[in-house]
1. Would you be able to say whether some residue in region 30-42 is touching a strand residue (DSSP E or B) at 6+ places or on another chain (Cβ under 8 Å) and touching a residue at least 40 places away in the same chain (Cβ under 8 Å)?
2. Residues in region 84-101 that are within 17 Å of Leu56 (Cβ to Cβ), modelled with pLDDT of 95 or more and open to solvent by 30 Å² or more (accessible area, probe 1.4 Å): how many?
3. Of these, Gln263, Gln292, which one is free of Cβ contacts under 8 Å to residues at least 24 places away in the same chain and either under 54 Å from the mean Cα position of the chain (by Cα) or closer than 30 Å to Asp183 by Cβ (or both)?
4. Confirm whether Thr212 is polar (S, T, N, Q), under 29 Å from Leu144 (Cβ atoms) and modelled with pLDDT under 95.
5. For the subset of region 116-162 comprising residues that are polar (S, T, N, Q) and out of contact with any strand residue (DSSP E or B) (no Cβ under 8 Å at 6 or more places or on another chain), which member is farthest from Ile42 (Cα to Cα)?
6. Which is small (Gly, Ala, Ser) and either in a loop (DSSP other than H, G, I, E, B) or within 30 Å of Leu119 (Cβ to Cβ) (or both), of Ala33, Ala12?
7. Output the residue which, of all residues in region 146-178 that are in a loop (DSSP other than H, G, I, E, B), hydrophobic (A, V, I, L, M, F, W, C) and open to solvent by 30 Å² or more (accessible area, probe 1.4 Å), is nearest to Leu191 (Cα to Cα).
8. Considering every residue within region 31-48, establish whether at least one is open to solvent by 40 Å² or more (accessible area, probe 1.4 Å), charged (D, E, K, R) and farther than 28 Å from Gly87 by Cα.
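The values are calculated or read from the model by the stated rules, or taken from the named source; none is laboratory data. Note that the coordinates shown come from a computational prediction; the quantities given were computed from them, not determined experimentally. Glycine also receives a Cβ, built like all others from the backbone with ideal geometry; neighbour counts cover every protein chain displayed. All accessible areas refer to the heavy atoms of the entire protein, side chains included, with ligands and DNA or RNA removed. Shrake-Rupley method; radii C 1.70, N 1.55, O 1.52, S 1.80 Å.
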Amino acid sequence: TATGPLVDYTYADNGVYDVTLTVSDGDGGIDTALISVTVSNIAPTITTFPGDIEILEGQTVNFDALASDPHDAGLSYSWDFGDDVLGSGQSTSHTYLDDGIYVVTLDVSDGDDITTDTLVVTVGNVDPTITLLTGDSSVGEGLLANFAAAATTPGTDTLIYTWHFDDLSDDSVGAGVSHTFADDGVYTVTLTVTDQGVGQTTADFIVSVTNTAPIITGASGDQTAQEGPGGSADFSGSASDAGDDTLTYTWNFGDGSAPQNGQDVTHSYADSGSFTASLVVVDGDGGMATRQMPVTVVDNLPPTAMLSNDGPV
């Protein structure tokens with residue numbers, strides 16, 4: 001209530017108000033008049049708001065804002081962090097889990113109107129961190145070597161593990177892989193971990209690959225033979241190698257004659273008697289395997305049996 005022919009009044013909230021004027025004289029005469037006043041709302045004013053921000057993925061950002069309103073009523077603060085996550089409160093925080101550019105929106109409401117402001121958060125990518133790298137540091141050629149790794153990223157990127165084996169073979173992908181080295185030597189195995197962004201991290205692992213001796217899989221020959229050129233004995237051998245070495249077959253006939261090279265050979269014994277023939281298989285790195293077999297050489301006697309890995313047949 002106010003008195004006087006001219007008064008000022010401030011309405012604290014918007015709405016429609018009826019103003020009643022009462023005029024009285026000193027003798028008890030009274031008259032009244034009624035007018036309607038429509039008060040419009042004034043939206044809040046954001047007075048404090050952060051500027052654009054640059055951070056790295058996985059970092060937490062603190063946001064603080066302040067707004068005023070003529071009504072001096074309680075204001076509500078609503079945040080949209082630009083990555084499908086919402087927040088509330090005059091002060092709040094948020095962690096960005098992936099690199100990118102995000103528009104942060106603040107809405108301040110007094111219950112009737114909303115005032116909005118925005119800022120930009122630029123989130124940089126962080127390279128992965130390799131936390132585990134293990135494997136067989138020593139292995140024979142032709143045998144499986146196993147490798148395993150683990151890595152972390154502060155973001156939500158899917159990590160890709162790529163292995164390079166330094167032996168002209170194709171790369172392998174996966175947190176755990178196996179590989180066969182075809183030849184002996186020292187190899188640098190390189191692991192590259194890549195995230196979905198542009199970040200990548202590499203680490204090396206040294207593997208010493210030792211030579212594996214060949215294995216004779218078959219050796220056969222004439223168990224008996226006739227002496228002289230007409231009674232030659234035939235010999236045949238086969239072998240395998242875990243690596244990719246070239247194999248050399250050498251036959252010694254036990255009679256003082258010169259050795260012969262080749263998987264399949266023929267030899268004539270000059271004298272009768274009992275002899276031990278041997279097959280020596282050598283790979284390109286010096287690995288060796290041997291196999292022996294008895295041979296009986298008789299006078300003018302045709303061959304009567306063949307010798308195999310399993311004995312006479």
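1. Initial filter on region 30-42 (touching a strand residue (DSSP E or B) at 6+ places or on another chain (Cβ under 8 Å)): 30-39.
Next, only the ones that are touching a residue at least 40 places away in the same chain (Cβ under 8 Å) stay: none.
Checked against the condition, which is being touching a strand residue (DSSP E or B) at 6+ places or on another chain (Cβ under 8 Å) and touching a residue at least 40 places away in the same chain (Cβ under 8 Å), region 30-42 yields no hits at all.
2. Within region 84-101, the first condition is being within 17 Å of Leu56 (Cβ to Cβ), and the residues that meet it are 93-101.
Imposing the further condition that a residue be modelled with pLDDT of 95 or more reduces the set to 93-96, 101.
When the remaining residues are screened for being open to solvent by 30 Å² or more (accessible area, probe 1.4 Å), the result is 93, 95, 101.
Of the residues in that region, 3 qualify.
3. On the way: Gln263 fails: free of Cβ contacts under 8 Å to residues at least 24 places away in the same chain.
Only one candidate passes the filter, namely Gln292.
4. Values: polar (S, T, N, Q): yes; under 29 Å from Leu144 (Cβ atoms): yes; modelled with pLDDT under 95: yes.
So Thr212 fits the description; yes.
5. Here is the first cut: in region 116-162, the residues polar (S, T, N, Q) are 116, 118, 122, 125, 129, 131, 134, 137-138, 146, 152-153, 156, 158, 162.
Checking which are out of contact with any strand residue (DSSP E or B) (no Cβ under 8 Å at 6 or more places or on another chain) leaves us with 156, 158.
On the way: Thr156: 43, Thr158: 49 Å.
Per the criteria, the residue is Thr158.
6. Only one candidate qualifies: Ala12.
7. Step one: list which residues in region 146-178 are in a loop (DSSP other than H, G, I, E, B), which gives 153-159, 165-171, 174-175.
Retained after the next criterion (residues that are hydrophobic (A, V, I, L, M, F, W, C)): 159, 165, 168, 175.
Cutting the leftovers down to open to solvent by 30 Å² or more (accessible area, probe 1.4 Å) gives us 159, 168, 175.
Working: Leu159: 12, Leu168: 15, Ala175: 10 Å.
Among those residues, the one meeting the criterion is Ala175.
8. yes
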